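Novice: Can you read through this structure? Questions will come right after.
The values are calculated or read from the model by the stated rules, or taken from the named source; none is laboratory data. Everything quoted here is computed from the prediction, not taken from an experiment. Glycine also receives a Cβ, built like all others from the backbone with ideal geometry; neighbour counts cover every protein chain displayed.
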């Protein structure tokens with residue numbers, strides 16, 4: 001099982017000091033967080049993609065390429081790559097380039113984006129969101145799998161005799177996750193291709209996450225990629241830890257109360273009761289995260305959100321220390337226990353390459 | 001038969017709830033085996049507001065939404081605020097899925113300090129429930145303060161209740177069966193649809 005972190009990349013004032021980091025500070029902080037993730041033994045760093053303030057990560061492969069040069073093992077991913085408003089040709093090129101630079105330590109998560117104006121800014125129509133995700137991804141797959149592509153669709157200019165370069169590393173396209181919170185169409189898309197499905201459950205009650213993951217698993221089996229239990233599932237998580245849970249609550253509350261997205265809403269106690277948010281001791285984080293398996297089944301990737309709402313870099317790095325030293329080693333052991341042998345790990349470049357070679361030999 | 005009453009009255013006791021109860025009783029007298037459940041929006045006000053900020057309903061609100069969307073008939077009663085339904089009343093129906101009330105018989109009613117706002121039934125409530133594809137009974141019931149001491153309210157209650165009971169009995173077979181499963185269009189169809197229009 002893979003453990004990692006995902007960042008939204010928001011530039012948010014620290015409510016305890018009133019100070020807002022500069023864009024440069026925030027970008028450098030994201031890199032520091034990614035490097036720390038590798039140092040403490042996590043497997044994955046994923047960055048969001050946004051095209052409006054107060055967010056900085058508009059250019060994920062630039063950042064991930066820089067992180068790739070300074071890491072050895074970390075898998076570089078996205079949360080998410082906008083399959084609706086990016087040109088699929090540019091996604092094919094950018095991520096194949098990143099694959100070569102990172103020696104295959106790359107996968108990506110497709111998302112539609114939830115900021116209405118981004119669609120018109122990039123020449124698209126939000127009412128076509130699902131159709132854009134379907135058509136663009138179908139093209140992206142062909143660009144990575146066929147050396148010469150002739151293509152015509154509804155949303156972009158046709159291609160005649162087009163070759164996307166560089167070709168994917170070792171002829172193996174990056175593994176793709178599809179992220180969606182409430183669209184059954186996207187769970188269906190992930191199932192159809194046998195791709196991964198990531199449910200960013202962090203602001204949602206468990207029963208909702210369960211319905212979406214169950215749907216994906218059933219459809220994955222329907223399309224003959226394996227059993228429902230073998231489908232490739234990723235989940236989010238949202239934690240703030242201190243040795244004593246009272247200290248965690250006291251320190252995090254001012255950030256929670258005014259946080260983007262969920263601030264000015266329910267109390268911290270109500271929110272932790274109803275969603276995956278855990279504010280407390282490392283042991284509490286372990287217990288809550290292990291409970292995800294009760295409703296999502298044995299899954300392959302767990303990403304934590306730890307660097308939002310204006311938390312200072314120093315605090316985030318302390319969170320990573322605790323994740324790496326106290327939480328993830330226990331989660332690895334506990335999730336492995338009782339996991340059926342035929343439930344696969346998340347695909348990596350090595351495993352996909354090995355599978356491709358085996359297929360060629362066979 | 002499941003009759004659900006949504007009352008947006010704010011005071012306790014409230015004349016909005018009083019009107020709601022009279023309507024429910026009148027419908028009950030005309031329908032066999034009717035089970036009445038009352039949803040008091042006052043008790044859900046905070047969860048309704050949080051549904052807007054969070055995107056998902058709290059537990060009590062989720063239960064109320066399930067009751068309303070699973071009803072064979074609805075009685076909805078709001079006080080008139082600023083020449084329309086109250087913000088709380090509208091907010092509750094804003095967090096319900098737009099298709100969830102399709103085909104559901106609804107009796108609309110409102111209370112106000114004076115009779116001058118009685119057209120709120122036809123200018124505000126009826127279009128709202130038409131948008132939600134509910135089947136609104138022809139008679140809406142408006143009760144101004146003065147109506148509680150005058151002749152006529154009873155007759156309107158009885159007529160509206162008769163219409164709702166008739167629709168509940170007649171439409172119960174026509175209402176789509178509730179399906180809690182997520183539905184998908186098979187992916188090949190989704191792809192093919194794009195090719196056909198492309």
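Novice: Looking for something over 30 Å from residue B:50 (Cβ atoms), in contact with a strand residue (DSSP E or B) (Cβ under 8 Å, 6 or more places away or on another chain) and surrounded by 15 or more Cβ atoms within 10 Å (Cβ to Cβ) - is there at least one such residue anywhere in the range B:78-94?
Specialist: Step one: list which residues in the range B:78-94 are over 30 Å from residue B:50 (Cβ atoms), which gives none.
No, because not a single residue in the range B:78-94 is over 30 Å from residue B:50 (Cβ atoms), in contact with a strand residue (DSSP E or B) (Cβ under 8 Å, 6 or more places away or on another chain) and surrounded by 15 or more Cβ atoms within 10 Å (Cβ to Cβ).
Novice: Among (1) without any contact (Cβ under 8 Å) to a residue 40 or more places away in the chain; (2) within 30 Å of residue A:145 (Cα to Cα), where does residue A:247 come up short?
Specialist: Every listed condition holds for residue A:247 apart from (2).
Novice: So for the range A:71-88 (the condition being within 23 Å of residue A:154 (Cβ to Cβ) and in a helix (DSSP H, G or I)), does at least one residue qualify? Walk me through how you get there before you give the answer.
Specialist: Looking only at the range A:71-88, we keep the residues that are within 23 Å of residue A:154 (Cβ to Cβ), and these are A:80-88.
After this cut, where a residue has to be in a helix (DSSP H, G or I) as well, the list is A:88.
Yes.
Novice: Moving to a separate point now. Check every one of the helices (runs of 4 or more DSSP H) wholly within the range A:97-211 and list those with 2 or more residues that are under 30 Å from residue A:355 (Cα atoms) and touching a residue at least 40 places away in the same chain (Cβ under 8 Å). Working first, answer last.
Specialist: Working: elements: A:118-121, A:129-145, A:184-193.
Helices (runs of 4 or more DSSP H) meeting the threshold: A:129-145, A:184-193.
Novice: Residue A:96 is checked against (1) within 14 Å of chain B (Cβ to nearest Cβ); (2) closer than 22 Å to residue A:195 by Cα; (3) crowded, with 18+ Cβ neighbours inside 10 Å and fails just one. What number does that condition carry?
Specialist: Every listed condition holds for residue A:96 apart from (1).
Novice: Would you be able to say whether some residue in the range B:146-169 is at pLDDT below 95, more than 14 Å from every other protein chain (Cβ to nearest Cβ), in a loop (DSSP other than H, G, I, E, B) and at positive phi?
Specialist: Checking the range B:146-169: at least one residue is at pLDDT below 95, more than 14 Å from every other protein chain (Cβ to nearest Cβ), in a loop (DSSP other than H, G, I, E, B) and at positive phi.
Novice: Further, regarding this structure: Just to be sure I understand, how many residues within the range A:269-317 are closer than 20 Å to residue A:8 by Cα and in contact with a helix residue (DSSP H, G or I) (Cβ under 7 Å, 6 or more places away or on another chain)?
Specialist: 14
Novice: What number of residues within the range A:177-194 satisfy the criterion of being crowded, with 24+ Cβ neighbours inside 10 Å and either within 7 Å of chain B (Cβ to nearest Cβ) or modelled with pLDDT of 95 or more (or both)?
Specialist: Taking the range A:177-194 as the starting set, the residues that turn out to be crowded, with 24+ Cβ neighbours inside 10 Å are A:177-180, A:186-191.
Still in the list and also either within 7 Å of chain B (Cβ to nearest Cβ) or modelled with pLDDT of 95 or more (or both): A:177-179, A:186-191.
Of the residues in the range A:177-194, 9 are crowded, with 24+ Cβ neighbours inside 10 Å and either within 7 Å of chain B (Cβ to nearest Cβ) or modelled with pLDDT of 95 or more (or both).
Novice: Let me ask something additional. Taking only the range A:223-268 into account, find how many residues are surrounded by fewer than 18 Cβ atoms within 10 Å (Cβ to Cβ), more than 14 Å from chain B (Cβ to nearest Cβ), touching a helix residue (DSSP H, G or I) at 6+ places or on another chain (Cβ under 9 Å) and more than 28 Å from residue A:80 (Cβ to Cβ).
Specialist: 5
Novice: Going through the range B:126-163 one residue at a time, which ones are under 12 Å from the mean Cα position of the chain (by Cα) and closer than 16 Å to residue B:73 by Cα?
Specialist: Across the range B:126-163, the qualifying residues are B:126, B:129, B:130, B:132, B:133, B:134, B:135, B:136, B:137.
Novice: Kindly indicate whether residue A:218 is part of a helix (DSSP H, G or I), within 13 Å of chain B (Cβ to nearest Cβ), surrounded by fewer than 22 Cβ atoms within 10 Å (Cβ to Cβ) and at negative phi.
Specialist: Working: part of a helix (DSSP H, G or I): yes; within 13 Å of chain B (Cβ to nearest Cβ): yes; surrounded by fewer than 22 Cβ atoms within 10 Å (Cβ to Cβ): yes; at negative phi: yes.
Yes: the conditions hold for residue A:218.
Novice: Identify, please: which residue in the range A:203-215 is surrounded by fewer than 22 Cβ atoms within 10 Å (Cβ to Cβ) and more than 8 Å from chain B (Cβ to nearest Cβ) and is, among those, farthest from the chain's Cα centre (by Cα)? Even if it seems obvious, please write down each step before you answer.
Specialist: At the first step, the residues of the range A:203-215 found to be surrounded by fewer than 22 Cβ atoms within 10 Å (Cβ to Cβ) are A:203-208, A:210-211, A:214-215.
Imposing the further condition that a residue be more than 8 Å from chain B (Cβ to nearest Cβ) reduces the set to A:206-207, A:210, A:214.
Numbers: A:206: 19, A:207: 21, A:210: 18, A:214: 19 Å.
Restricting to residues being surrounded by fewer than 22 Cβ atoms within 10 Å (Cβ to Cβ) and more than 8 Å from chain B (Cβ to nearest Cβ), the top hit is A:207.
Novice: What about residue A:347, is it surrounded by fewer than 15 Cβ atoms within 10 Å (Cβ to Cβ), out of contact with any helix residue (DSSP H, G or I) (no Cβ under 7 Å at 6 or more places or on another chain), at pLDDT 95 or above and farther than 17 Å from residue A:205 by Cα?
Specialist: Details: surrounded by fewer than 15 Cβ atoms within 10 Å (Cβ to Cβ): no; out of contact with any helix residue (DSSP H, G or I) (no Cβ under 7 Å at 6 or more places or on another chain): yes; at pLDDT 95 or above: yes; farther than 17 Å from residue A:205 by Cα: yes.
No: the conditions fail for residue A:347.
Novice: Going by what's in this entry, would residue B:183 be described as touching a helix residue (DSSP H, G or I) at 6+ places or on another chain (Cβ under 8 Å) and modelled with pLDDT under 90?
Specialist: yes
Novice: Taking the stated definitions as given, is residue A:19 without any contact (Cβ under 8 Å) to a residue 60 or more places away in the chain and more than 24 Å from residue A:302 (Cα to Cα)?
Specialist: Details: without any contact (Cβ under 8 Å) to a residue 60 or more places away in the chain: yes; more than 24 Å from residue A:302 (Cα to Cα): yes.
Considered against the rule, which asks whether it is without any contact (Cβ under 8 Å) to a residue 60 or more places away in the chain and more than 24 Å from residue A:302 (Cα to Cα), residue A:19 comes out as yes.
Novice: May I pose another question? Quickly run through the range A:267-282 and pick out the residues that are under 23 Å from residue A:320 (Cβ atoms) and touching a residue at least 12 places away in the same chain (Cβ under 8 Å). Walk me through it before giving the result.
Specialist: Initially, the range A:267-282 is screened for residues under 23 Å from residue A:320 (Cβ atoms), giving A:268, A:271-272, A:275-282.
Listed by number, the residues that qualify are A:268, A:271, A:275, A:276, A:277, A:278, A:279, A:280, A:281, A:282.
Novice: While we're here: If you go through the range B:44-86 one residue at a time, how many are assigned to a loop (DSSP other than H, G, I, E, B), farther than 21 Å from residue B:103 by Cα and more than 13 Å from chain A (Cβ to nearest Cβ)? Working first, answer last.
Specialist: Step one: filter the range B:44-86 for residues assigned to a loop (DSSP other than H, G, I, E, B), giving B:55-58, B:70-72, B:82-83, B:86.
Subset that is farther than 21 Å from residue B:103 by Cα: B:55-58, B:82-83, B:86.
Cutting the leftovers down to more than 13 Å from chain A (Cβ to nearest Cβ) gives us B:82-83, B:86.
Final tally of qualifying residues: 3.
Novice: To continue, here is another question. Give A:270, A:326 a once-over and let me know the one that is more than 23 Å from the chain's Cα centre (by Cα) and outside any loop (DSSP other than H, G, I, E, B). Let's see the steps before the verdict.
Specialist: Details: A:326 fails: more than 23 Å from the chain's Cα centre (by Cα).
Among A:270, A:326, only A:270 is more than 23 Å from the chain's Cα centre (by Cα) and outside any loop (DSSP other than H, G, I, E, B).
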